[in-house]
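What follows is calculated from the coordinates using simple rules that are stated; it is not laboratory data. Everything numeric in this text was worked out from a predicted model, so none of it was measured. No Cβ is skipped: glycine too gets one built from the backbone with ideal geometry, and neighbour counts run over all protein chains shown.
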Amino acid sequence: MDYRCVQCRFAVKTLFVQYSPGNIRLIKCENCKYVADEYIECTLCCLILLIDLILHKPKAYRHLLCNVLHQDTLNVEVKIVFYYLILLWILI
Ligand SMILES: [Zn+2]
């Protein structure tokens, strides 16, 4: 399953290349030449992502919907809870 660039939604094969444990390089999008998903780097410190979600930045929502929740690594129940929370967030 392909990932999506959070800037332009262009399909990318992977979001990063890991050279060694803890040593990764983020992939640039072939279409817009920006980093495809800079949020993948801050998996432990989700504060930046949370702030960008509060500020309604589209790339934060694209990261969450296209590159996290859309992957097969999460089970269906977790995806339903996330989608429900995002829907509640939008409606409030
Ligand atoms: Zn792009």
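Structural remarks
- Once the Cβ-Cβ distance of Ile80 and Glu38 is raised to the sixth power relative to R0 = 22 Å, the FRET efficiency obtained is 0.20.
- Computed over the alpha-carbon atoms, segment 3-91 gives an Rg to Rh ratio of 0.97, Rh here being the Kirkwood radius from the mean inverse distance.
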